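Please treat every number below as a calculation from the coordinates, not as lab data. These numbers were taken from a predicted model, which means no experiment stands behind them. Cβ atoms come from the backbone with ideal geometry, glycine included; neighbour counts cover every protein chain shown.
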Amino acid sequence: LKAVIYAGVGLLCGRQTKNSYLERSFVGFPDSKLLRLLYQMRLISEEDPSITRDFMLQVLGNYLTIPPYPMDQLRSFPLYPTESLLWDHSIIPPSNSQLRATQVLALPKLNP
């Protein structure tokens, strides 16, 4: 565990891929200890021996990943609505009996 403890944030918190730093660090680590570690970190609800090693490493990797910044997500949207956004019924619902013809619908992100 010393290699994981002293590892940089970028190694541990980056997007997890196959043969990532976490997987390489826990090669000699027994499954029972990894299961106990996840249980003590409250990442799994109970110590179930049927949980696979890949699942345990995915849980640990998802816990350590840095979530994307909200501003980056907002910047990915266009400033003004595009035609595809206006016709996308999953974002703007089609007219139905609940909506009145004079009712104004809010569009996502008109001002940053």
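Taking label positions 7 Å along the Cα-Cβ direction at both residue 80 and residue 43, the computed distance is 4.7 nm, reported to one decimal. Taken one residue at a time, the phi angles of region 75-83 give Karplus couplings (6.51, -1.76, 1.60, θ = phi - 60°) of 5, 6, 7, x, 5, 10, x, 8, 5 Hz. Gly and Pro are set to x.
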